[in-house]
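The values are calculated or read from the model by the stated rules, or taken from the named source; none is laboratory data. Because the structure is predicted, anything quoted here is derived from the model rather than measured. Don't worry about glycine lacking a Cβ; one is built from the backbone with ideal geometry, like all the others, and counts go over all protein chains shown.
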Amino acid sequence: MKDPVAAKPQKPSAVSNDGNLLEVHHLKKYFPVTAGLLRREVGQVKAVDDVSFTVKYGETLGIVGESGCGKSTTGRMVMRVLEPTSGQIIFNGQDITRLQGRALRSIRPKLQMVFQDPYASLNPKMPVGEIVGEPLLVNGFGTRRQIHERVVDLLERVGLRADDTRRYPHEFSGGQRQRIGIARALALNPQLIVADEAVSALDVSIQSQILNLLADLRREFNLSYIFVSHNLAVVRHISDRVGVMYLGQLVELAPKRELYIRPLHPYTEALLSASPEPKRTGRRERIILQGDVPSPSNPPKGCPFNTRCPKVMDICKVERPELLDRGEEHWVACHLQT
């Protein structure tokens, strides 16, 4: 099967150029491993290893996986916080992979991020009005009065009050601090927001409030999200499509309902079997994975999941499966599905 969009038909890529805000093609991020007095490179940590996906206008793409699978690194490369080792990032029809300087700054307002820790991501020495207003000030939004009016409007939209502009981050609860982070992300009218574990540090009752807020804002501002999380229930609540990552690779990508009802990859099946769903009448049989996740500095040959897969075959140990469309926009990288 040919790559639907890539200029070089190296491998199939789970992307299509129809109505996409973001296209990620064969993205890789390798971190060097150095040793000795001269700090010579002796190896590489393959944090992200050939990942492709798209995000449509107004869509939420959830990315799930165990800690260290590369999902946050992927989000940070999309934001251009991290430089990709190779691959291509196309945003709104423009290749932003290697943009620098003024060209990159012109793109920044349309790409924003909500971080995992709502306290660490806010400057404790700045009042909330300055925190939310700083992007507006830096980008020359208008006069100080106009910026103040915009900040008040943003705070009210995320469920805070106008007089909160004078308060400092330590005076708010965790959920309120995350609302401040969301208001800051909205300040420059972005098109895409990367939410990196945006609710994992919050209480369960507060998580639902923040998720509902994000859903409301998506409709109001016509936003697109990349929602990174290890929590399958959270991703199911907010996402339109879900991508599953393992050891730096995307092993399955499908519409939410399709993936949760008919998982095709053994790793996805194991994740879903461990996810508590009290409303479901017929529970899946619990799948216990043996062993630990291999090191990304020394990944196994062939399928990255072959050392833990309960359905492993001989071919899995020698040949890496390609991410292919199995119908209904359901992509999976598994020899069992060939």
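Looking at the stretch 191-212, which of the residues that are under 19 Å from Glu66 (Cα atoms) and outside any strand (DSSP E or B) is farthest from the chain's Cα centre (by Cα)? Residue satisfying both the conditions and the ranking: Leu202.
Among the listed residues Ala233, Ala201, which satisfies the condition of being without any contact (Cβ under 8 Å) to a residue 60 or more places away in the chain, of a type outside the set (D, E, K, R) and over 24 Å from Asn20 (Cβ atoms)?
Working: Ala201 fails: without any contact (Cβ under 8 Å) to a residue 60 or more places away in the chain.
Answer to the check: Ala233.
A Cβ distance below 6 Å, combined with a sequence gap of six or more or placement on separate chains, defines the contacts here; from the stretch 21-45, residues that are among the hydroxyl-bearing types (Ser, Thr, Tyr) and modelled with pLDDT of 95 or more reach residues that are in a loop (DSSP other than H, G, I, E, B) and surrounded by fewer than 19 Cβ atoms within 10 Å (Cβ to Cβ) in the pairs Tyr30/Thr85.
Can Ala120 be described as over 20 Å from Leu188 (Cα atoms) and either of a type in the set (D, E, K, R) or free of Cβ contacts under 8 Å to residues at least 12 places away in the same chain (or both)?
Working: over 20 Å from Leu188 (Cα atoms): yes; either of a type in the set (D, E, K, R) or free of Cβ contacts under 8 Å to residues at least 12 places away in the same chain (or both): yes.
So Ala120 fits the description; yes.
Residues that are of a type in the set (A, V, I, L, M), surrounded by fewer than 23 Cβ atoms within 10 Å (Cβ to Cβ) and in contact with a His (Cβ under 7 Å, 6 or more places away or on another chain) within the stretch 52-81 are absent altogether. Reported count of residues in the stretch 82-138, each being surrounded by 14 or more Cβ atoms within 10 Å (Cβ to Cβ) and part of a loop (DSSP other than H, G, I, E, B), is 16. Scanning the stretch 300-329 for residues that are touching a strand residue (DSSP E or B) at 6+ places or on another chain (Cβ under 6 Å) and either surrounded by 19 or more Cβ atoms within 10 Å (Cβ to Cβ) or of a type in the set (Val, Ile, Thr) (or both), we see that the one that is farthest from Ala47 (Cα to Cα) is Leu323.
Any residue in the stretch 261-272 that is among the hydroxyl-bearing types (Ser, Thr, Tyr), at pLDDT 85 or above and buried (at least 19 other Cβ atoms within 10 Å of the Cβ)? Yes, that holds for at least one residue. Out of all the residues in the stretch 107-115, is one or more aromatic (Phe, Trp, Tyr), under 12 Å from Val194 (Cα atoms) and either without any contact (Cβ under 8 Å) to a residue 12 or more places away in the chain or in contact with a strand residue (DSSP E or B) (Cβ under 7 Å, 6 or more places away or on another chain) (or both)? Yes: the stretch 107-115 contains one or more residues that are aromatic (Phe, Trp, Tyr), under 12 Å from Val194 (Cα atoms) and either without any contact (Cβ under 8 Å) to a residue 12 or more places away in the chain or in contact with a strand residue (DSSP E or B) (Cβ under 7 Å, 6 or more places away or on another chain) (or both). Taking the stretch 142-187 as the range and being crowded, with 18+ Cβ neighbours inside 10 Å and in a loop (DSSP other than H, G, I, E, B) as the test, the residues that pass are Val158, Leu160, Phe172, Ala187.
In this structure, is Gly62 under 21 Å from the mean Cα position of the chain (by Cα), assigned to a loop (DSSP other than H, G, I, E, B) and modelled with pLDDT of 90 or more? Judged against the criteria, Gly62 is not a match.
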